[in-house]
Structure formats: C-alpha cells, structure tokens
1. Could you tell me whether region 22-41 includes any residue that is modelled with pLDDT of 70 or more, over 16 Å from the mean Cα position of the chain (by Cα) and not polar (S, T, N, Q)?
2. Residues of region 20-50 being among the aliphatic types (A, V, I, L, M) and in contact with a Gly (Cβ under 9 Å, 6 or more places away or on another chain), which ones?
Amino acid sequence: MDDIKLHHAQIGVFNPGRLSDQKIEKSFVARQKLFDYLLNKITQEGNGSIPQQYLLIGQRGIGKSTT
C-alpha cells in the first residue's frame, strides 16, 4: 500500500466517501486501544443477545464515521 499517494486536499476534506478503500486505510489513524475494544465487543455479541449501541462523539474530522 505504500505506492498509494494521497493528495493533501483529499486529507483535508472530511468526506471518506470521496476516497478509495485503499486511501482510507492508508490515511486512517485510529486510537488503537479503543478500536480494538469496540471491535472485540461487537464481534463477541452472542446469538440471542441484545446488541449494544455505541455512540462516538468528537470534533469534525477525527474519524468517527470512518471508525
């Protein structure tokens, strides 16, 4: 993925829908512990259990939608 180039204007626009999957993955910087925690919780929900909802709150452009 190192051969994928990002233009600075693409990073400044807070609309991941305008980027390819490869560019989103390359530019995505997550709070790894939080991401791992949420992914673990979501994938461990058992059959018949009530799914837990998670609300991500933060400033524009920090990756809520991408997460």
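1. Our first condition is that a residue be modelled with pLDDT of 70 or more; within region 22-41, this holds for 22-27, 31-41.
Still in the running and over 16 Å from the mean Cα position of the chain (by Cα): none.
Looking for residues that are modelled with pLDDT of 70 or more, over 16 Å from the mean Cα position of the chain (by Cα) and not polar (S, T, N, Q), one finds none in region 22-41, hence no.
2. From region 20-50, those among the aliphatic types (A, V, I, L, M) are 24, 29-30, 34, 38-39, 42, 50; that's our starting set.
VAL29, ALA30, listed by residue number.
The values are calculated or read from the model by the stated rules, or taken from the named source; none is laboratory data. Source: prediction; values computed, not measured. Note that each Cβ is placed from the backbone with ideal geometry, even for glycine, and that neighbours are counted across all protein chains shown.
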